[in-house]
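Below: the structure, in structure tokens.
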Amino acid sequence: MDTRLKIVAADASDAIAREGATVVSGYFDPLIAATAHRLAALKETGKPLLVVVATAPDAILTARARAELIAGLACVDYVCEHAPDLTPDVRLEEEHRAAQAQLIRHVHARQQTAASKASS
């Protein structure tokens with residue numbers, strides 16, 4: 001199956017949510033293993049999982065790229081790039097903001113270590 005078929009328009013996501021899907025929003029920028037595990041834990045038996053890709057400040061990846069990555073997860077049934085009228089059951093934006101900041105700090109620390117070794 002082409003997982004990009006899981007990506008739906010905002011109007012379709014509204015209908016999916018009304019039918020009882022669990023709606024989760026987040027930046028997913030970048031998508032990391034911990035986030036994939038978190039989404040799997042939010043998946044309820046018998047209920048579709050609809051993931052909404054929120055607009056990320058200073059995004060590394062485009063919304064479409066993030067949507068395609070999320071659609072590749074087996075636990076995710078539907079992905080919407082933007083659904084302004086939906087109220088998510090779970091918001092992950094703050095977790096994602098913290099994870100992105102931690103990733104950036106880690107990359108900078110690695111770069112500084114490599115630069116120090118190169119100048120020695």
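Summary of values
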| item | result |
| --- | --- |
| Counted residues, the stretch 88-120 - those being modelled with pLDDT under 90, over 16 Å from Thr35 (Cα atoms) and basic (Lys, Arg) | 1 |
| Count - residues of the stretch 28-62 that are closer than 14 Å to Arg97 by Cβ and in contact with an Asp or Glu (Cβ under 6 Å, 6 or more places away or on another chain) | 4 |
| Answer residue from the stretch 30-65, given it is in a helix (DSSP H, G or I) and in contact with a strand residue (DSSP E or B) (Cβ under 6 Å, 6 or more places away or on another chain) and is nearest to Asp77 (Cα to Cα) among those | Leu42 |
| Selection from the stretch 27-38 of residues that are on the phi < 0 side of the Ramachandran plot and touching a residue at least 60 places away in the same chain (Cβ under 8 Å) | Tyr27, Asp29, Pro30, Ile32, Ala34, Thr35 |
| Residues of the stretch 41-63 classified as under 15 Å from the mean Cα position of the chain (by Cα), surrounded by fewer than 19 Cβ atoms within 10 Å (Cβ to Cβ) and either closer than 12 Å to Gly20 by Cα or of a type in the set (Val, Ile, Thr) (or both), total | 3 |
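The values are calculated or read from the model by the stated rules, or taken from the named source; none is laboratory data. Model, not experiment: these values are computed from the prediction. FYI the Cβ positions are ideal-geometry reconstructions off the backbone, even for glycines, and counts take in every protein chain you see.
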